[in-house]
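Enquirer: Here you go, one structure.
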Amino acid sequence: MALLFTKNFGDLIVPFATKIGLLLSAATFLASGQSGGRFEETKRQALAYLESDQYDRAAGKLEEIWEQDHSDPTVAENLALAYLNGDDRRYHPEAETKARDLFEQSLHAGGRATFMVQHSHEKAGFFEGRIITNYCVGMLSVSPGRLVYVARARKGVEAHSFDVSADDVRLTKPDDMGVFTIKTKAKNYTLIPRNRIKGDSDVIVEVIREQLGTK
Ligand SMILES: [Zn+2]
């Protein structure tokens with residue numbers, strides 16, 4: 001708000017605009033303090049756990065919210081992501097079904113389905129000795145008509161991220177190891193779920209086809 005005023009009316013108006021901006025943010029803060037303040041802090045903690053790959057802890061925090069409140073599709077999106085990547089999944093195979101259900105709820109509410117993947121930088125894909133040393137890790141997000149990959153911060157990471165619409169994407173079927181390729185007009189991206197679970201590749205490709213109408 002303050003920025004908009006500054007741009008339109010020049011420097012003279014800044015102190016006034018800043019004041020309005022401050023008042024507005026104070027009002028927003030108060031409002032959220034009354035309704036969802038406790039959730040905001042829990043969400044913040046959950047995101048910090050996700051960023052440091054502590055998926056089971058993230059799931060615990062997000063469950064706390066989701067059990068009481070379904071208003072934020074990003075909670076469903078991130079809880080599904082946490083279920084698919086957590087260690088608990090080994091002892092709770094139902095985590096996969098729960099994740100799929102949460103992705104559907106997120107997409108239905110205007111949110112996204114997000115998956116943790118590795119992007120191979122090897123020319124031959126993933127097959128050389130099965131151990132990939134040259135790759136980046138990132139989040140692949142699917143929403144109606146749109147596919148976004150955001151590589152985690154590393155050198156030259158912009159070159160690996162993409163944001164494309166449905167008519168700019170083709171897909172290959174996952175192979176036996178779960179490797180699949182996303183072909184955009186600009187580039188081909190060879191990807192595999194970071195957890196290396198082949199079934200997750202099938203889910204990812206299925207969700208992309210469903211949301212983008214891609215072949
Ligand atoms: Zn990459």
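Enquirer: Could you tell me which of the residues 170, 209, 194 is touching a residue at least 60 places away in the same chain (Cβ under 8 Å) and among the basic types (Lys, Arg)? First the steps, then the outcome.
Expert: On the way: 170 fails: touching a residue at least 60 places away in the same chain (Cβ under 8 Å); 209 fails: touching a residue at least 60 places away in the same chain (Cβ under 8 Å).
Answer to the check: 194.
Enquirer: Kindly indicate whether residue 157 is at negative phi and free of Cβ contacts under 8 Å to residues at least 24 places away in the same chain. Don't jump to the end; show me each part of the working.
Expert: Details: at negative phi: yes; free of Cβ contacts under 8 Å to residues at least 24 places away in the same chain: yes.
Yes: the conditions hold for residue 157.
Enquirer: If I filter the range 172-182 for residues that are charged (D, E, K, R) and in contact with an Asp or Glu (Cβ under 6 Å, 6 or more places away or on another chain), do I get at least one hit?
Expert: The first filter runs over the range 172-182 and keeps only residues charged (D, E, K, R), leaving 173, 175-176.
Add one more test, that the residue is in contact with an Asp or Glu (Cβ under 6 Å, 6 or more places away or on another chain), and what stays is none.
Checking the range 172-182: not a single residue is charged (D, E, K, R) and in contact with an Asp or Glu (Cβ under 6 Å, 6 or more places away or on another chain).
Enquirer: Taking the residues in the range 189-204 that are more than 16 Å from residue 89 (Cα to Cα) and touching a Leu at 6+ places or on another chain (Cβ under 8 Å) as candidates, determine which candidate is farthest from the ligand (Cβ to nearest atom).
Expert: Per the stated criteria, the residue is 204.
A short reminder: the numbers here are calculations on the coordinates, not readings from a lab. Note that the structure is predicted; figures quoted are calculated from it, not measured. With ideal geometry, Cβ positions are generated from the backbone for all residues, glycine too; neighbour counts draw on all protein chains shown.
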